[in-house]
1. Please list 3J(HN,Hα) in residue order for region 24-38, calculated via the Karplus relation 6.51 cos²θ - 1.76 cosθ + 1.60 where θ = phi - 60°; whole Hz, with x for glycine and proline.
2. Report the residue, chosen from LEU132, LEU79, LEU117, that carries the largest GNM mean-square fluctuation when the chain is represented by alpha-carbon nodes joined by springs under 10 Å.
3. Please list, in chain and number order, the residues 5+ apart from ASP32 or on another chain whose amide H is under 5 Å from its amide H, with Hs placed from the backbone.
4. Can you classify region 90-168 as rounded, prolate or oblate using the Cα gyration tensor, where a ≥ b ≥ c are the square roots of its eigenvalues, rounded means a/c under 1.5, and otherwise it's prolate if a/b beats b/c and oblate if not?
5. Per 0.36 nm of contour for each residue apart, how much would the distance between GLN104 and ARG3 grow if the chain were fully extended, relative to their Cα-Cα spacing?
6. Which whole-number percentage describes the relative contact order of the chain, with Cα contacts under 8 Å and a sequence gap of 6 or more?
7. Which value in deg cm²/dmol, rounded to the nearest 500, describes the helix-derived mean residue ellipticity at 222 nm for the chain, given -39,500 (n - 2.57) per DSSP H run of n ≥ 4 and division by the residue count?
8. From the P(r) of region 3-165, can you give the percent of Cα pairs sitting at distances over 29 Å?
Amino acid sequence: MLRESCDTVRQRAFLEILYATGCRLSEVHGLDKADINLQNMSTLVIGKGDKQREVYFSIRAMYHLGKYINGRNDNCETLMLTERKPYRRLSKRGIQREIDRISQKAGLKDKVSPHVLRHSFATLTLNNGAELVAIQELLGHSSPDTTLRYAKITHERKREQHKKYLIQ
């Protein structure tokens, strides 16, 4: 619903970047166009405690990111840019506002924020079979306990795991 509710290429790129990487708002906010490694479909971000880690883009995120960057006609190096001149880095609040606009257009009752997209990333990767340690690294958590608070396993996944791993 969120994807279909994007009005602009810019909104779609923002949504896909946040969703595909599981990054914190502050990590995405600091990105420049030159930080994107097109070959590896990844980027390095600076997280809490000035820790650097590599995060990865999905093919879909790279597609929409490419459309966004190629459609821009500015000389600004920042990745997430204001819509109007003078072009400059979009504020963290500006990014939150864009996600909020998409959410409102989608008619979602629950609040959607960059942090909710981070939780969704964690939950979906866990439910699709990723190891907890891998999710911990992708999110930049030092403790697996923190990751467990983010990633909630679905009832279907619990049932599937029970059937698969119960010794009978």
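1. Once θ is set to phi - 60°, the couplings for region 24-38 become 6, 4, 5, 5, 6, 4, x, 6, 10, 4, 5, 6, 7, 8, 5 Hz.
2. Highest fluctuation among the options: LEU132.
3. LEU79
4. Numbers: a/c = 3.88, a/b = 1.81, b/c = 2.15.
Taking the square roots of the gyration eigenvalues as a ≥ b ≥ c, region 90-168 is oblate.
5. Numbers: separation 101, 0.36 × 101 = 36.36 nm, distance 1.23 nm.
Answer, rounded to one decimal: 35.1 nm.
6. Values: 201 pairs, mean separation 42.1, N = 168.
It comes to 25 percent, rounded to a whole number.
7. Details: 8 runs with 85 residues, N = 168.
Helices in the chain give a 222 nm mean residue ellipticity of -15000 deg cm²/dmol.
8. On the way: 2712 of 13203 pairs.
Tail fraction, whole percent: 21.
Every read-out reported here was derived from the displayed coordinates using simple, explicitly stated rules and does not represent laboratory data. Keep in mind that this is a model prediction, so the values were computed, not measured. Virtual Cβ from ideal backbone geometry, glycine too; neighbours counted across all protein chains shown.
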